[in-house]
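Report on one structure; see the data block that follows.
The values are calculated or read from the model by the stated rules, or taken from the named source; none is laboratory data. Keep in mind the model is a prediction, meaning the values are calculated, not measured. Note: ideal-geometry Cβ built from the backbone for every residue, glycine included; neighbour counts use all protein chains shown.
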Amino acid sequence: MSNRARLSEDEITGALAALPHWAREGDAIARTADAPDFPAAIRVVVAVAEQAEALGHHPDVDIRWRTLRFVLSTHSVGGLTALDVDLAARIDEALRAESAV
């Protein structure tokens, strides 16, 4: 299966079970986290930007002081793909690296 193939509902349910901080929002998944401070939040965004570039798949990112919100969807297929799941896991890693919750 292509990493840009739209996931089935069962595949999405299974993926979200492994990503407990993420929630379904229509054809997307989203997560909000608080970094310890603003510089840490920016470091998370930089780390996510590097991962997104490597994957060729980019999240919607909202920064409000130390609060970060990420939204993932593969717009070209109108839903979620393995790219979204992979990037969500990478975002979780970047957040953990900065002690964001």
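Tabulated data for the structure shown
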quantity: Whichever residue in the range 1-15 is closer than 11 Å to residue 84 by Cα and modelled with pLDDT of 95 or more and, among such residues, is nearest to the chain's Cα centre (by Cα); calculated: 15
quantity: Residue in the range 83-98 that is out of contact with any helix residue (DSSP H, G or I) (no Cβ under 6 Å at 6 or more places or on another chain), in contact (Cβ under 8 Å) with a residue 40 or more places away in the chain and assigned to a strand (DSSP E or B) present; calculated: no
quantity: Any hit, the range 64-77, residues being at pLDDT below 95, surrounded by 15 or more Cβ atoms within 10 Å (Cβ to Cβ) and out of contact with any helix residue (DSSP H, G or I) (no Cβ under 7 Å at 6 or more places or on another chain); calculated: yes
quantity: Close pairs from the range 50-63: first more than 16 Å from residue 81 (Cβ to Cβ) and without any contact (Cβ under 8 Å) to a residue 12 or more places away in the chain, partner aromatic (Phe, Trp, Tyr) and part of a strand (DSSP E or B), Cβ under 9 Å, at least 6 apart; calculated: 62/70
quantity: Within the range 6-22, tally of residues that are surrounded by 14 or more Cβ atoms within 10 Å (Cβ to Cβ) and part of a loop (DSSP other than H, G, I, E, B); calculated: 5
quantity: Of the criteria (1) more than 16 Å from residue 29 (Cα to Cα); (2) part of a helix (DSSP H, G or I), which one residue 48 fails; calculated: (1)
quantity: Residues satisfying the stated conditions in the range 53-82, i.e. more than 26 Å from residue 10 (Cβ to Cβ) and part of a strand (DSSP E or B); calculated: 61, 62, 63, 64, 67, 68, 69
quantity: Any hit, the range 23-41, residues being aliphatic (A, V, I, L, M), surrounded by fewer than 14 Cβ atoms within 10 Å (Cβ to Cβ) and assigned to a strand (DSSP E or B); calculated: yes
quantity: Residue within the range 33-43 that is of a type in the set (Val, Ile, Thr) and in contact (Cβ under 8 Å) with a residue 40 or more places away in the chain present; calculated: no
